[in-house]
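Student: Let me begin by handing over the structure; questions about it come next.
Since every read-out is calculated from the coordinates, none of them should be taken as a lab result. Remember, predicted model here, so these are calculated numbers, not experimental data. Because the Cβ atoms are built from the backbone with ideal geometry, glycine has one as well, and the counts that use them run over all protein chains shown.
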Amino acid sequence: MIVVKIGGSVICKDPSKAVADLANYAGEAVAIHGGGCAVNDLMKALGLQPKFLTHPGGVVSRYTDYETLRAFVMAMSWINKTVVASLAARGIPAVGLTGADGAVVKAKRKEKVVVVDERGRQRVVDGGYSGKIVDVDAKALLPPPLKVLAPIALSERGELLNVDGDQIAFEVASRLGAKLVILSDVDGLIVGGRVVERLDPDEAERLAKSEEVRGGMKRKLLAAAEAARMGVETIIYNGLADSPIGRALAGAGTHITPS
């Protein structure tokens, strides 16, 4: 089994190569997608301003109030069905889901979160409609048919929650004992102008906490380090390249491997 996470940067730039290659692994894959840029575009069209929070350690996340949640669910559902339609055009009868369907992904709403403000001070703010994953019914995602999952979870109160797509991917991979391929818009973790080909969990965690790594890569490396300690290999590669999944499995990109 492999778990494939198609990042938002790929979804919004050109998902065609990633989706075409995903079709080649329909019998052995679970797919999760992002799409934050599409959420931003929809919010702006609706007259809403996207907001982001910086957490201690430098990880950045979307602030999800109720209006943002509505836009998030709309945008992610659109992406989900366009990916399913693209697979159908290639003869693959995929099923598109959110984590709320069948309660596949359960999460606990973050009541409060710690952030770093513009002056560099830590403070506690309302968590909005973002969630921390507490359970994933990974077996419900097994093929056939190929499942395509949007990063929306269900709370114990029946609320829809914004959850991190990378984290869902790591949770599914760990539960299935699968290899995880994360498709971004870069060739892997790049340090000093070069792709870092292989990391163990400690090295990945150290780099994630350093100034050498910024943005969403910090979160990816931290989660990959945790997954590697549980026996899951993670590969970060460029989803805009030809046959990105096949290339990643053949050795391209950055591989975070169990010790």
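Student: State log₁₀ I(q)/I(0) for the chain at q = 0.09, 0.12, 0.16 Å⁻¹ as given by the Debye formula over alpha-carbon point scatterers of equal weight, solvent excluded.
Tutor: -0.37, -0.67, -1.26
Student: For M230 paired with D137, estimate the spin-label separation in nm (one decimal), with each label point 7 Å from Cα along the Cα-to-Cβ line.
Tutor: 1.9 nm
Student: In this model, which of K112/K147; K112/K218; K13/K147; K81/K112; K132/K209; K106/K147 are farther than 26 Å apart at the alpha-carbon?
Tutor: In this structure, K112/K147; K81/K112 lie more than 26 Å apart at Cα.
Student: So if R0 is 30 Å, what FRET efficiency would D126 and E211 give, r being the distance between their Cβ atoms, rounded to the nearest 0.05?
Tutor: Taking R0 as 30 Å, the efficiency between D126 and E211 is 0.55.
Student: Based on the Cβ-Cβ distance of V195 and D14, what FRET efficiency does E = 1/(1 + (r/R0)^6) give at R0 = 22 Å, to the nearest 0.05?
Tutor: 0.60
Student: Another question, then. With springs only between Cα atoms under 10 Å apart, run a GNM on the chain and tell me which of G34, G193, G127 wobbles the most.
Tutor: Most flexible of the set in this elastic network: G193.
Student: Please compute the length gained on full extension between E67 and A45, using 0.36 nm multiplied by the number of residues separating them and subtracting their Cα-Cα distance.
Tutor: Between E67 and A45, full extension yields 6.6 nm more.
Student: Pick out which of S184, S243, S130 has the largest mean-square fluctuation in a Gaussian network model of the chain, springs linking Cα atoms closer than 10 Å.
Tutor: S243
Student: Still on this structure: Summing -39500 (n - 2.57) over the DSSP H runs of n ≥ 4 in the chain and dividing by its residue number, what mean residue ellipticity at 222 nm do you reach, to the nearest 500 deg cm²/dmol?
Tutor: -10000 deg cm²/dmol
Student: Also, quick follow-up: For the chain, what's the relative contact order in percent, using C-alpha pairs closer than 8 Å and at least 6 residues apart?
Tutor: Value for the chain: 24 percent.
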